[in-house]
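Chemist: Starting off with a structure, shown below.
The values are calculated or read from the model by the stated rules, or taken from the named source; none is laboratory data. This is a predicted model, so every value here is computed, not measured. Quick reminder, even Gly has a Cβ in these numbers, built from the backbone with ideal geometry, and neighbours come from all protein chains shown.
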Amino acid sequence: MARLYFLFSTALFSTALLLTGCSGGEPATGSNGAAASEQDRTVVATYGDSTLTLAEFQQAYANANDVSTPATDSVEAYQEFLQQYVNFRLKVRAAREAGLDTLPSVQKEVRTYRQKMARPKVMRAEVYEPLVRDLYERRQQEVDVSHILKRVPPDASPDDTLAAYRSMQTIADSIERGVSFEALAYRNSEDPSAQKKGQRGYRGHIGYLRAGQIVKPFEDRMYKIAPDSVSDIFRTRFGYHILKVHGRRAAQPPIRLSHIMIRPEGDSTRPRRLLDSLRTEIVQNGARFSALAKEYSEDRRSAQKGGDLGQVESVQSLPPSFRSAVPQLDSVGAVSDIVKSRFGYHLIQLTNREELPSFDDAYQDLKEQISDRPRVDRRKAQFARRVRSENRASVDTSRILQAVGAASVDTLSRVLLPSVQQDSAAAPPVATLGDSTFTLAQLARHVMQADGGAQMSIGDVIDDFLNEKAIQYATANLEEQDPSFAATMKEYREGLLVFQFMQDSVWAAAANDTTGLRRLYRQQQDKYRFPERVRTVVLRAAADSVLRRYQPDTTGGVSLPARVAQAREDSLVTVDTVMVTDKSPEMYRRVLSEEDGATLGPLTQDGDALLLMRDTRLASRRKTFEEARSSVVRDYQERYEDQVLTRLRRRYDVTTRPKRLQRAFADAPPTSSSPQ
């Protein structure tokens, strides 16, 4: 409902003001503290027992007009805004005095908006943004790593786990004695690529990695370990690892490559001669790489796209010979020397180099990368436990166990399910958090709602339940903790109140005053007119061929009404009638210079084929009251609003002092008259 107000509010107040309000952030300041202090004391408007200072006005103006520094507009713009802003404040005050803020519909919408906005804000600030920022900052560097792996399945027995760890400890001892890490990886690593020459991972060397490309324990260590250092033994879901860091470098932005490939035929002379001549054509004679790729490349899949290989996020994903050649391409458009791979011989062109994104630009993509990972669950649990600690959460486990007849919190939580229906006003609490209390029935319902809840132990369910309630508690109390969110909610409530006030006091009252509407219509009938128009029938279809059967030369002189009637029976054609004026889109205006009965097209619009059939010219005429009603209502509502505002200004004894706004402009010359 509040959003509808924003659509109709241009004559009432700036939409931007309703969206951003005047409460967020610090008051706008002048060039120094003294100027700010003066603005805090300078009153530019009074209404009832309220005052509006220049500093408050500056903040409202900056928010509504997206101005980051004060006094960047004209005095006249400030003065016009002052009247609009005072009108807005009067409507808010009148709405509150009328009790509109107590309406159940208004309170419900405020609650709904808070729930919609608060939880994502809490989750971003406390869970996602710290993780994303850590990932973003790490991704500014790439780390050159090798590793040795001993596989241990997640469900391995204790004996097998211990045996794998002892094996890794032996390898770690060998590294300590100076045995080559690469030799140990070749002989001992259970990463299949460690023994495959030419593949990434050979002799343990993975190459450069960035955050987000590997599991979290591996990532944590590769960023913490200094170059030429070796890690401790650590475990991931794949098994035990030891990793070595060779070096670091600034992250390379994504690039886009194209290539021309020629396959060898017995010897290398033909492909080399051909590629050498193609390179000369490109570099010296300006031939287009893409055109030559289409003609000569024997990689038919990429040749059809001018040799395009797509975007490359990491050079490490390329074949070894490409990894060596690409860093030599120092500018977009550069072409490599001839490169040999196991597929053949290549010329490579760098066709684009992306810029590394800013944090804000990268946020959503990085968030999606981590959203389904355990690190999010861990961070969420850490935050929830902090809220529980700060708000003295407690749980009476003995009462829970006694109520369900369980001996231990390790019992499966399904024993709680019979308690779902036992909720009542007299039910004793089994847990508390801040000023909230929770019953056994609420805990039992959580078992039903949690993913796999019935397979969890009672202890795990209690922990999961309290964590969720802690996040809900933080969300419900966000306004008290976050001034910017409090400002957002204040702005939303005020916008909603003004919408309700305008709906009740202006829009509905004006729209229902038929006598007043007819009187206004009679007073300015000449305002409500249809301009000269050309009635035009528009046939729309997916293809030109569908419409050609309705052109005059195809139908053999069949009349326009007959062709339109035929088109209405055609399931492939949409028929519309359009009144074309000199303000219509250019495509339709073409019929204005044609004779009645003329047909234009097929034309193309938004991928559809159109046929324009000019019917007849309609002279300008007055609209009837019913035809003009929507325009009359709008005009009458504006007049009615002016009357309402006049009454509000009298009721609240409004005084504005627009000349004082000049004090916001450090370089503004003094006026000839004294400030009001």
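Chemist: What number of residues within the range 306-333 satisfy the criterion of being surrounded by 14 or more Cβ atoms within 10 Å (Cβ to Cβ) and at pLDDT 90 or above?
Modeler: Number of matching residues: 8.
Chemist: From the residues in the range 258-272 that are part of a strand (DSSP E or B) and without any contact (Cβ under 8 Å) to a residue 12 or more places away in the chain, which one is surrounded by the fewest Cβ atoms within 10 Å (Cβ to Cβ)?
Modeler: Per the criteria, the residue is 267.
Chemist: If a residue has to be loosely packed, with under 15 Cβ neighbours inside 10 Å and not in a helix (DSSP H, G or I) to count, how many in the range 353-373 make the cut?
Modeler: Count: 8.
Chemist: Condition (residue is hydroxyl-bearing (Ser, Thr, Tyr), part of a helix (DSSP H, G or I), in contact (Cβ under 8 Å) with a residue 12 or more places away in the chain and in contact with a strand residue (DSSP E or B) (Cβ under 7 Å, 6 or more places away or on another chain)) applied to the range 569-579: is it met by at least one residue?
Modeler: Checked against the condition, which is being hydroxyl-bearing (Ser, Thr, Tyr), part of a helix (DSSP H, G or I), in contact (Cβ under 8 Å) with a residue 12 or more places away in the chain and in contact with a strand residue (DSSP E or B) (Cβ under 7 Å, 6 or more places away or on another chain), the range 569-579 yields no hits at all.
Chemist: Also: Kindly indicate whether residue 445 is in contact with a helix residue (DSSP H, G or I) (Cβ under 9 Å, 6 or more places away or on another chain) and either closer than 30 Å to residue 386 by Cβ or of a type outside the set (Asp, Glu) (or both).
Modeler: Taking the combined requirement at face value, the residue satisfies it.
Chemist: Does residue 150 satisfy the condition of being in the same structural domain as residue 646 (by TED's automatic domain parsing) and either among the acidic types (Asp, Glu) or touching a residue at least 24 places away in the same chain (Cβ under 8 Å) (or both)? Before you say what the answer is, go through the steps one by one.
Modeler: Numbers: in the same structural domain as residue 646 (by TED's automatic domain parsing): no; either among the acidic types (Asp, Glu) or touching a residue at least 24 places away in the same chain (Cβ under 8 Å) (or both): yes.
No; evaluated as a whole, the condition is false for this residue.
Chemist: Restricting to the range 512-553, name every residue that is of a type in the set (A, V, I, L, M, F, W, C), crowded, with 17+ Cβ neighbours inside 10 Å and either more than 30 Å from residue 568 (Cα to Cα) or out of contact with any helix residue (DSSP H, G or I) (no Cβ under 6 Å at 6 or more places or on another chain) (or both).
Modeler: Within the range 512-553, 517, 520, 538, 546, 547 qualify.
Chemist: Within the group 436, 398, which residue is in the same structural domain as residue 469 (by TED's automatic domain parsing), within 23 Å of residue 477 (Cβ to Cβ) and among the hydroxyl-bearing types (Ser, Thr, Tyr)?
Modeler: Values: 398 fails: within 23 Å of residue 477 (Cβ to Cβ).
Answer to the check: 436.
Chemist: State the number of residues belonging to the range 206-235 that are in contact with a helix residue (DSSP H, G or I) (Cβ under 7 Å, 6 or more places away or on another chain) and under 30 Å from residue 364 (Cβ atoms).
Modeler: Residues flagged as in contact with a helix residue (DSSP H, G or I) (Cβ under 7 Å, 6 or more places away or on another chain) and under 30 Å from residue 364 (Cβ atoms) within the range 206-235 amount to 7.
Chemist: Give the residue that is farthest from residue 250 (Cα to Cα), with candidates limited to residues of the range 296-323 that are among the charged types (D, E, K, R) and either touching a strand residue (DSSP E or B) at 6+ places or on another chain (Cβ under 9 Å) or in a loop (DSSP other than H, G, I, E, B) (or both). Give the steps one after another, and end with the answer.
Modeler: Taking the range 296-323 first, the residues among the charged types (D, E, K, R) are 298-301, 305, 308, 313, 323.
Going one step further and asking which of them are either touching a strand residue (DSSP E or B) at 6+ places or on another chain (Cβ under 9 Å) or in a loop (DSSP other than H, G, I, E, B) (or both), we end up with 298-299, 305, 308, 313, 323.
Values: 298: 35, 299: 33, 305: 31, 308: 26, 313: 14, 323: 16 Å.
If we take residues in the range 296-323 being among the charged types (D, E, K, R) and either touching a strand residue (DSSP E or B) at 6+ places or on another chain (Cβ under 9 Å) or in a loop (DSSP other than H, G, I, E, B) (or both), then 298 is farthest from residue 250 (Cα to Cα).
Chemist: Can you find a residue that is free of Cβ contacts under 8 Å to residues at least 40 places away in the same chain, buried (at least 18 other Cβ atoms within 10 Å of the Cβ) and touching an Asp or Glu at 6+ places or on another chain (Cβ under 6 Å) anywhere in the range 222-244?
Modeler: Checked against the condition, which is being free of Cβ contacts under 8 Å to residues at least 40 places away in the same chain, buried (at least 18 other Cβ atoms within 10 Å of the Cβ) and touching an Asp or Glu at 6+ places or on another chain (Cβ under 6 Å), the range 222-244 yields no hits at all.
Chemist: Exactly one of (1) touching a strand residue (DSSP E or B) at 6+ places or on another chain (Cβ under 9 Å); (2) closer than 18 Å to residue 109 by Cβ is unmet by residue 473. Its number?
Modeler: Status for residue 473: all satisfied but (2).
One line per residue, one yes/no per condition, for (1) modelled with pLDDT under 95; (2) out of contact with any helix residue (DSSP H, G or I) (no Cβ under 9 Å at 6 or more places or on another chain); (3) surrounded by 18 or more Cβ atoms within 10 Å (Cβ to Cβ):
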position: 640; (1), (2), (3): yes, no, yes
position: 650; (1), (2), (3): no, yes, no
position: 655; (1), (2), (3): no, yes, no
position: 659; (1), (2), (3): yes, no, no
position: 666; (1), (2), (3): yes, no, no
position: 670; (1), (2), (3): yes, no, no
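Chemist: Take residue 350 and decide whether it is more than 24 Å from residue 478 (Cβ to Cβ), outside the structural domain of residue 310 (by TED's automatic domain parsing), free of Cβ contacts under 8 Å to residues at least 60 places away in the same chain and surrounded by 15 or more Cβ atoms within 10 Å (Cβ to Cβ).
Modeler: Working: more than 24 Å from residue 478 (Cβ to Cβ): yes; outside the structural domain of residue 310 (by TED's automatic domain parsing): yes; free of Cβ contacts under 8 Å to residues at least 60 places away in the same chain: no; surrounded by 15 or more Cβ atoms within 10 Å (Cβ to Cβ): yes.
Answer is no for this residue.
Chemist: Are any of the residues in the range 603-624 at pLDDT below 95, hydrophobic (A, V, I, L, M, F, W, C), within 29 Å of residue 45 (Cα to Cα) and not in a loop (DSSP other than H, G, I, E, B)?
Modeler: No.
Chemist: Out of the residues in the range 278-304 that are charged (D, E, K, R) and closer than 17 Å to residue 343 by Cβ, which is farthest from the chain's Cα centre (by Cα)?
Modeler: So the residue we want is 298.
Chemist: Follow-up. In the set 114, 139, 124, which member is loosely packed, with under 15 Cβ neighbours inside 10 Å and of a type in the set (D, E, K, R)?
Modeler: 124
Chemist: Restricting to the range 486-508, give me the number of residues that are within 19 Å of residue 629 (Cβ to Cβ) and buried (at least 16 other Cβ atoms within 10 Å of the Cβ).
Modeler: Within the range 486-508, residues that are within 19 Å of residue 629 (Cβ to Cβ) and buried (at least 16 other Cβ atoms within 10 Å of the Cβ) number 3.
Chemist: While we're on this one: What pairs come up if the first residue lies in the range 393-404 and is within 16 Å of residue 419 (Cα to Cα) and touching a residue at least 40 places away in the same chain (Cβ under 8 Å), the second is outside any helix (DSSP H, G or I) and of a type in the set (Gly, Ala, Ser), and their beta carbons are under 9 Å apart, counting only those six or more places apart or on different chains?
Modeler: These pairs meet every condition: 400/406; 400/431; 401/407; 401/408.
Chemist: For the range 374-491, please list each of the helices (runs of 4 or more DSSP H) lying entirely inside it that holds at least 2 residues being farther than 30 Å from residue 91 by Cβ.
Modeler: 374-390, 397-404, 440-449, 458-476
Chemist: Could you say whether any residue in the range 628-638 is in contact (Cβ under 8 Å) with a residue 60 or more places away in the chain, surrounded by fewer than 19 Cβ atoms within 10 Å (Cβ to Cβ) and aromatic (Phe, Trp, Tyr)?
Modeler: no
Chemist: Now for a separate question. Return the only residue of 266, 247 being in contact with a strand residue (DSSP E or B) (Cβ under 9 Å, 6 or more places away or on another chain), more than 30 Å from residue 156 (Cα to Cα) and small (Gly, Ala, Ser).
Modeler: That would be 247, the only listed residue that is in contact with a strand residue (DSSP E or B) (Cβ under 9 Å, 6 or more places away or on another chain), more than 30 Å from residue 156 (Cα to Cα) and small (Gly, Ala, Ser).
Chemist: Taking into account only those residues within the range 384-418 that are acidic (Asp, Glu) and over 14 Å from residue 429 (Cβ atoms), which is surrounded by the most Cβ atoms within 10 Å (Cβ to Cβ)? Explain how you work it out, then say what you get.
Modeler: Our first condition is that a residue be acidic (Asp, Glu); within the range 384-418, this holds for 390, 396, 410.
After this cut, where a residue has to be over 14 Å from residue 429 (Cβ atoms) as well, the list is 390, 410.
Values: 390: 12, 410: 10.
Residue satisfying both the conditions and the ranking: 390.
Chemist: Still on this model: Taking residue 199 as meeting all but one of (1) closer than 30 Å to residue 368 by Cβ; (2) touching a residue at least 40 places away in the same chain (Cβ under 8 Å), write down the number of the exception.
Modeler: The number of the failed condition is (2).
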